[in-house]
1. Give the percent of DSSP beta bridges with both residues in the chain that are antiparallel, rounded to the nearest 5.
2. Could you calculate the contour length gain from LYS159 to ARG11, that is, 0.36 nm times the residue separation minus the distance between their Cα atoms, to one decimal place in nm?
3. Rounded to whole Å and sorted largest first, what semi-axes of the equivalent ellipsoid does the C-alpha gyration tensor of the chain yield via the square root of 5 times each eigenvalue?
4. Suppose the chain between ASP56 and ASN128 were pulled fully straight at 0.36 nm per residue; how much longer would it get relative to their current alpha carbon spacing?
5. Specify, per residue and in Å³, the volume enclosed by the convex hull of the alpha carbon atoms belonging to region 129-175.
6. Just want to confirm a number: the relative contact order over the chain, from Cα pairs under 8 angstrom separated by 6+ residues, in percent.
7. Compare the peptides 97-109, 21-33, 39-51, 122-134 by average per-residue count of other Cβ atoms within 10 angstrom and give them in order, highest first.
8. By how many nm would the segment from MET1 to LYS175 lengthen if fully extended, with 0.36 nm per residue of separation less the alpha-carbon distance?
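No lab work stands behind these numbers, since they all come straight from the coordinates. The model shown is predicted, which means the values in this text are computed figures rather than measured ones. Cβ coordinates were reconstructed from backbone atoms using ideal geometry, including for glycine residues, and neighbour counts include every protein chain displayed.
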Amino acid sequence: MKITLVAGSNRKHATSTKLSRYIEQQLVSNGHEVAFFDLYEKPIPFYSPDTSLNTDLHLIELKAIMLQSHAIILSTPDYHGSISGVLKNALDHLGFAHFDSKVVLSVSSAGGLVGMSSLTQLQTIIRNVHGINCPEWISIGSGQHGFTEDGAPEQLKVKERVHTTLQYFLRMAAKLA
Ligand SMILES: Cc1cc2nc3c(=O)[nH]c(=O)nc-3n(C[C@H](O)[C@H](O)[C@H](O)COP(=O)(O)O)c2cc1C
């Protein structure tokens, strides 16, 4: 299955991006094709309804991999109980054509115990672009931000959460793909 993963942090060593890279590793080792788009490495210009940005190379790439995907994963840091500005901006450039009838998994990293509010806000946006929210989701909070040199979460609990959630997400995505 072709899966697009958008890492929604604007921070170089973001834990949400490290978690996304670990998710990518797991998917690739299970034979899936992953298109990874990191909004820190590939910034997207501000969306404006007045401006056409058809020549922006990052935006062209993002739109192409979103269109080609069978399923989508979006990750975000929890900012003020919501998603990051860079992820919201990227999503404003996208719409039904990129999300309709595709299963979407939400992932967040929070400074508190868990990023429930950012996950529910992300799911509201996904519903409004006609994506199908995966009921299982992943949030890491304070005390769960450690990753080993090979990119795995230090905590077994986080690894287990990723594995069980990905199994659920992939089963659901395969039915709809
Ligand atoms: C502007 C801003 C707002 C934040 N708001 C929250 C918040 O409302 N709740 C929370 O648990 N953590 C909050 N945090 C902490 C981040 O969620 C936390 O540092 C998280 O690990 C960032 O993810 P990252 O490592 O992917 O950048 C905030 C951080 C920033 C910079």
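1. Details: 2 of 25 bridges.
Bridges in the chain are about 10 percent antiparallel.
2. Details: separation 148, 0.36 × 148 = 53.28 nm, distance 2.26 nm.
Contour length minus the Cα-Cα distance gives 51.0 nm.
3. Result for the chain: semi-axes of 24, 19, 15 Å.
4. Details: separation 72, 0.36 × 72 = 25.92 nm, distance 2.49 nm.
Full extension from ASP56 to ASN128 adds 23.4 nm.
5. Numbers: hull volume 5.0 nm³, N = 47.
Normalising the Cα hull of region 129-175 by residue number yields 106 Å³.
6. Details: 314 pairs, mean separation 40.5, N = 177.
The normalised contact order for the chain reaches 23 percent.
7. Values: 97-109: 21.9, 21-33: 15.4, 39-51: 12.8, 122-134: 18.7.
Highest to lowest by the protection proxy: 97-109, 122-134, 21-33, 39-51.
8. Values: separation 174, 0.36 × 174 = 62.64 nm, distance 1.12 nm.
Working it through step by step, the gained length comes to 61.5 nm.
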